[in-house]
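Below is one structure; the comments refer to it alone.
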Amino acid sequence: MPKKAKELGALAVKRVTTPGKHPVGGVDGLYLKVTETGSRSWVLRVSVGGRRPEIGLGAYSDKGLGVAEARAKALKVRDDIAAGIDPVMQKKEASSRLRASQALEMTFENAAKRFIKAKEPEWRNSKHGAQWTYTLEEFAYPRIGKMMVRHINRAHITEILEPIWSTKTETASRLRGRLEAILDWARVKGFRDEGINPASWRGNLDKLLSAPKKTKRVRNHPALPIVQMGAFMKTLRAIEGVSARCLEFSILTAARSGEARAADWREIDLEKGIWAVPAEKMKAQKEHRVPLPAAAVRLLKAIERQDDVYLVFPSPRANRALSDMSLLAIMRRQGLEATPHGFRSTFRDWASEYTNYPRELAEVALAHIKGDATEAAYWRSDVLQKRRRLMEDWAAFCDKVIEAGTVIPLNKQA
């Protein structure tokens, strides 16, 4: 009959530091294992089905898994073996189930990225994928990006869509379709259960949200009053950072903030003072040539370009375009209700009320979709030189700090 190990107390076990396996008694086959590095753990040698596996019970800790706790755990394993349970096989099965469950877990952000990668070959140009990525990063990821796709329900989808359904109806409608497609992909892949897609429209969200085509657009681009432009520009130019320079550039060019944030050095000719925005980046799907005023050229020349980075205003934290919120944050820190897009309205009001330039010229500068025959003629000829004078006058106006009560003179150039 094998000799039983002497039963060691807690203090005696604590003093064991020699590398090797040390029997501690109390339960047959229970050892304290000490490695060459000094780490200590509990192991149990048992006989199971003709095999003698060594089962790890956990790391030694006098305040956690001490000698008393290790003996209790070892006794439980021996009782299971006596009841016909193979602890080694049980542990393998548990590990296998855990791996299987983890394989079926995926966050919404990861699902979206995999979907985009899978569908990219179908899309007509890179802009399509960029639009998907932008809307998801801007509106979806902050709320559900880290959530497992199987947990996303209708309440999460409405939480994303409702705040922008009336103010950015077209964007919200497209975003809904994108959410639906990603969640459908996740269901087919096995990451979601079968059932109604919480982002589907018919018979689902159409009961909660107004039809996009019938939704009354709410103006959500408050403009800065004309008389405050000079003071604001002076403040803006004193603010450091890529977001401030991007906002300044968008103001000087009367561009949409999205166009400015996506500006690419390959689109800009500093010698000629032209920014040629490609059609795929424009709302009207038509190339838009912007005559750069001298102030905008100086701004661009002052930027320290990065090797292999084509974005003029890259995000400081990643090689991608700035978010719209980064520009809006500048306005909010100044206590202003105006938005970056609102500066286009300020430009339009200035051109209309304080200059003698034709309305159509300002419309072309804003890249608005052409309307009547007269305006169409401006689009065909592009009237670049007249627009250059318009943009120089706008830049000059933005340099003037107007005191209260000052009468703004009408600019008669045309």
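Brief remarks on what is shown
- Along the stretch 254-264 the Karplus relation, 6.51 cos²θ - 1.76 cosθ + 1.60 evaluated at θ = phi - 60°, assigns HN-Hα couplings of 6, 8, 5, 4, x, 5, 5, 5, 9, 4, 10 Hz to successive residues, with x for each Gly and Pro.
- Over the chain, DSSP H runs of length four or greater, each weighted -39,500 (n - 2.57), average out per residue to a 222 nm ellipticity of -13500 deg cm²/dmol.
- Residue with peak Gaussian network fluctuation, the chain [Cα springs, cutoff 10 Å], from Leu299, Leu175, Leu390: Leu299
- Axis of helix 67-82 versus longest Cα principal axis of the chain: the two differ by about 80°, to the nearest ten degrees.
- Built amide H within the under 5 Å cut-off of Leu57, gap 5+: Trp42, Val43, Leu44
- Note on the chain: Cα Rg divided by 2.2 N^0.38 Å, N the number of residues, gives 1.55.
- Pairs of alpha carbons in the stretch 10-103 separated by more than 18 Å make up 49% of all such pairs.
- Per-residue Cβ neighbour counts within 10 Å put Glu363, Glu105, Glu122, Glu287 in the sequence Glu122, Glu105, Glu287, Glu363, beginning with the fewest.
- Cleavage-rule hits, trypsin sites (Lys or Arg not before Pro), the stretch 321-359, DSSP coil, Cβ neighbours within 10 Å at most 13: none
- Among the listed pairs Lys113/Lys301; Lys189/Lys213; Lys234/Lys301, those beyond 26 Å (Cα-Cα): Lys113/Lys301; Lys189/Lys213
- Full-extension gain in nm, Ala294 to Asp269, via 0.36 nm per residue minus C-alpha separation: 7.7 nm
- Whichever aspartates and glutamates have a C-alpha closer than 15 Å to that of Lys386, once near sequence neighbours (fewer than 8 apart) are set aside: Glu360, Glu363, Glu375
- For the stretch 108-214, alpha-carbon Rg over 2.2 N^0.38 Å: 1.02
- Backbone HN-Hα couplings from phi across the stretch 58-65 [Karplus 6.51/-1.76/1.60, Hz, Gly and Pro as x]: x, 6, 5, 7, 5, 10, x, 8
- Rounded to whole Hz, the Karplus (6.51, -1.76, 1.60) HN-Hα couplings of the stretch 305-316, x for glycine and proline: 6, 9, 4, 6, 10, 8, 5, 6, 10, x, 4, x
- For Met106, distant residues with modelled amide H under 5 Å away: Val149, Arg150
- Taking Cα atoms only, the orientation of helix 242-253 departs from the longest principal axis of the chain by about 30 degrees.
- Separation of the Lys189 and Arg51 label points, Cα + 7 Å toward Cβ, nm: 3.5
- Spin-label pair Met325-Arg114: with each label point 7 Å from Cα along the Cα-Cβ axis, the two points sit 2.6 nm from one another.
- With both labels modelled 7 Å from their Cα along Cα-to-Cβ, the Asp307 to Gln334 distance reads 3.7 nm.
- Going from the fewest other Cβ atoms within 10 Å to the most, the residues Lys189, Lys214, Lys146 appear in the order Lys214, Lys146, Lys189.
- For Ile274, residues with placed amide H under 5 Å, excluding near neighbours: Asp269, Leu292
- Rounded tilt (10° steps) of 169-188 against the dominant C-alpha axis of the chain: 30
- Among His288, His22, His156, the largest mean-square fluctuation in a Gaussian network model of the chain (Cα springs under 10 Å) belongs to His22.
- Most mobile of Leu328, Leu32, Leu161 in a GNM of the chain (Cα contacts under 10 Å): Leu32
- Burial ordering of Glu337, Glu36, Glu304, fewest other beta-carbon atoms within 10 Å first: Glu304, Glu36, Glu337
Read-outs throughout are calculated quantities, based only on the coordinates presented, and are distinct from any laboratory measurement. On a predicted model such as this, the values are computed, not experimentally measured, just so you know. Note that we place each Cβ from the backbone using ideal geometry, even for glycine, and neighbour counts take in every protein chain shown.
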